[in-house]
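The values are calculated or read from the model by the stated rules, or taken from the named source; none is laboratory data. These figures come from a predicted structure and were not determined experimentally. Accessible surface is based on the protein model in full, side chains and every heavy atom, while ligands, DNA and RNA are left aside. Shrake-Rupley method; radii C 1.70, N 1.55, O 1.52, S 1.80 Å.
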Amino acid sequence: MSTDDGTSRVVVGVDGSPASHAALRWALRYARRTGTTVHAVGVYDLPGAEGWSAPAVDVLFDEEQARLSLSEELTAVLPPDDDVPVVQHVVRGNAARVLIDASEGAELLVVGSRGRGGFASLLLGSVSQQSAAHASCPVVIVRPETADGAPPAGDTTP
């Protein structure tokens, strides 16, 4: 996911959650002001790929579903006439590991504070926590917008 052409890039993790939408919007605003390219990264994993418990799955179907989901999310969040360059990546693996790897050489990694994990009471999700601890570049953790679409109180979005 690195760019060898010398252009600056902002990596943003996208998983369909409200915090992910907020992170994508934040990354787009940042990229618009700084002239960087947004690399939107969707991660999928196969149940039981590392263990014994899951039935056989169709790897190509899962990848295609992940690509479709990422494309639909970008369409829903991106303004129709936006001129910010956005590159889509769909990668199989552990979300935290993929984003940490993608942060190599990036100007910034942007993630939502809470993804689609099962522990809704946590203030910080495991992917955002691991990204903040291990990424190769600065990390911005974005909370989801409020019900009226406004950023959360104290938001210092550029």
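Structural remarks
- One residue stands out in the stretch 53-72 among those that are among the hydrophobic types (A, V, I, L, M, F, W, C) and open to solvent by 90 Å² or more (accessible area, probe 1.4 Å): the one that is modelled with the lowest pLDDT, namely 56.
- Residue in the stretch 95-117 that is open to solvent by 20 Å² or more (accessible area, probe 1.4 Å), of a type in the set (Ser, Thr, Tyr), modelled with pLDDT under 90 and outside any strand (DSSP E or B) present: no
- The conditions of being at pLDDT below 90 and over 13 Å from the mean Cα position of the chain (by Cα) are met by residue 78.
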